[in-house]
Every structure is written in structure tokens, then in C-alpha cells.
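Dropping the structure in here first, questions after.
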Amino acid sequence: MTIKLEESWNNLYKYGLNNLFIEIVLSVIKKFKIDTKYSHLDATSFHLHGEYKSEINQESQEEITRERPIFITKGYSRDHRPDLKQCVLDLITSSDGDIPLLMRAGDGNEADKAVFGKILTEFKKQIVFDSIMVCDSALYSQENLKLIEHLKWISRVPMTIKKAQELVQSVNTLEMKEIEEIEEIEEIEGNRGDRYRTKREKDISKFKGIQVERRNS
């Protein structure tokens, strides 16, 4: 029994856990008719207790999905424990139901800006549906913009960029109007269950030129 289990684990590792995960995801999307119009990428960190003496390989990683052991080391701590070593988890989810579409473990000192573009590129190669990728400002770098030039994406321009600072400073705050508290809820017909859009969301959608929808939970 132990030998069979060990062989199974080895075969899974050789096949690629990320590849297997995406195959399962595609089956789930098809069976439950998950809306994949938008996909969201973000990262988090998990602190660990222990010494973890593994040395970090400084060689560049061309294929972001290539299976290899991660390195437990100190890095930017999202759970406020910079004194401990950690690992990173990159996660892509659907806007419909927050279904995990891709999970990837990363080194403890991994920088979002260094891998987000590669993650989206590799993800796009493996999926069979069109999706607009939503990500925070870590995606917005010269290198990443070149990598994702063939993708549809939404991100925020970081305020470290001079042009962004100039645009924000040029806004006349006296002409801005405060949006009132939510007063109305409008039902919107959808393919899967009821959808609702608040008055506040309608105002925002007019301002931005996009439709903002909230799914009834």
C-alpha cells in the first residue's frame, strides 16, 4: 500500500500539480456553468515556525509553473510577522463565486511584481476561455506590460509613477461630489440567479463608464 501511494505521489509531481489543478478547474467550470468574464489574481503569505536551512537558488525561473521545491525564507510579511520565515501563495479566482482557478506556492521572498505577469501569461496558455484579468498595482511594470500585451486586464497605476501623481494632483476636488449612502437596490436579470446593483454602484458605473454588479449572496 505504501509503495503504491508513493508511486502515485511521484506521478502527480512529475505530471505537475498546477496542470492537474487547472484540469480539475476546467471541469468544475463546465459542470457548474461558472461565469469566467473576470478573474482576479492576488498573493498572500503564511509565516512558519522552524529553522528551514534550505538555501535559495538565485537562478532565474523562466517557466513560472515549473514544479520545484519552494524556499522558506523571510520576505514581505502580509500577516505582520516579519521576524519569521514564510512562503507565498498566488491565487487566481473567478469573480463568480470566488472559485479558485489557479493556486501556486512561491518562495518566501518572492515579489509580486516579479511574477504576476508570468503567472497570467502561463495561466492564459492553459485555459480555454476568455477572461479579463484583474490585479493590483503590482502588475503595472514595464516588463509585465510587455508580457501581458495580448491579454485583457484591469489594474491600478501605482502612485510611484510621476505621470499618475500629476494626474491625481490635477483633479479639482471642489468639483467632486460625495456619493450618498445606498438608498436603492435595482434587480438585474442574470443567467445564474438574481443580480442586484445599488444606486451607489450605478453612479460609479456612469462615472467610470463600466457596469458594476453585485451578486446576491
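If I filter region 65-79 for residues that are touching a residue at least 60 places away in the same chain (Cβ under 8 Å), touching a Phe, Trp or Tyr at 6+ places or on another chain (Cβ under 9 Å) and over 30 Å from Phe32 (Cα atoms), do I get at least one hit?
no
Here is a follow-up. Here are some residues: Lys4, Lys14. Which one is closer than 30 Å to Lys113 by Cα, over 20 Å from the mean Cα position of the chain (by Cα), charged (D, E, K, R) and modelled with pLDDT under 85?
The unique qualifying residue is Lys14.
Restricting attention to strands (runs of 3 or more DSSP E) lying wholly within region 67-169, give those where 2 or more residues are more than 13 Å from Asp42 (Cβ to Cβ) and assigned by TED's automatic domain parsing to the domain that holds Lys33.
Passing ranges, in order: 86-94.
Right, next: Quickly run through region 17-26 and pick out the residues that are at pLDDT 85 or above and of a type outside the set (Phe, Trp, Tyr).
Leu20, Ile22, Glu23, Ile24, Val25, Leu26
The values are calculated or read from the model by the stated rules, or taken from the named source; none is laboratory data. In this text, all values refer to a predicted model and were calculated from it rather than measured experimentally. Neighbour counts are summed over all protein chains in view; Cβ atoms, including those assigned to glycine, are modelled from backbone coordinates with ideal geometry.
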